[in-house]
């Protein structure tokens, strides 16, 4: 028996035949929010359940079933990012500072130029952030991002991974990482301003 979050879990009482009913929707939402691909998310959830069944004897009960399954899925998502980022070496090499950002920022200070200040988006109220319409538009904007950019942005801002982990997993340098993050934010902001405001 293990004590997890004030509840005792008997490892022998784990019930894989209830995983789909209990965790499939949560895991699907987790995967689709990071991959923006429903079919791939469904596949990864199925692979997660299979991997968990194969490793059931290794589950020590140090976390809840849900946490354990989510951790397996998280690594499967990272594997997808890694596979998609392969072959982007040419894309990464051209990410050196080409001065294109000078259109939006004062190069010396890095501050927005007045004519490019972010506009209010009408989502300042907390309830609006969870609105289906905004989420749908954000997902459409994220689909327009290059795969590597989406992977880096998602790992950093949704999974809150450490920069060094992201660079190591996706094989990008720290300077390329920051350029990609910056350009991703500029692209998302521009897309949201065009489609949301």
*asked:* Any residue that is modelled with pLDDT of 90 or more and either outside any helix (DSSP H, G or I) or more than 21 Å from residue 186 (Cβ to Cβ) (or both) - is there at least one of those in segment 79-87?
replied: yes
*asked:* Please verify whether residue 73 is at pLDDT 85 or above, crowded, with 18+ Cβ neighbours inside 10 Å and either under 18 Å from the mean Cα position of the chain (by Cα) or farther than 26 Å from residue 165 by Cβ (or both), treating the condition exactly as stated.
replied: yes
_Kindly evaluate residue 54 against the criterion of being modelled with pLDDT of 90 or more, out of contact with any strand residue (DSSP E or B) (no Cβ under 9 Å at 6 or more places or on another chain), exposed (fewer than 14 other Cβ atoms within 10 Å of the Cβ) and farther than 27 Å from residue 180 by Cβ._
yes
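With modelled with pLDDT of 90 or more, more than 17 Å from residue 79 (Cα to Cα) and assigned to a helix (DSSP H, G or I) as the only criterion, which of 141, 167 stands out? Steps first, please.
Values: 167 fails: more than 17 Å from residue 79 (Cα to Cα).
Result of the check over 141, 167: 141.
The values are calculated or read from the model by the stated rules, or taken from the named source; none is laboratory data. Only a predicted model underlies this, so the values are computations on that prediction, with no experimental measurement involved. Ideal geometry is used to build each Cβ from the backbone, glycine not excepted, and the neighbour counts take in all protein chains shown.
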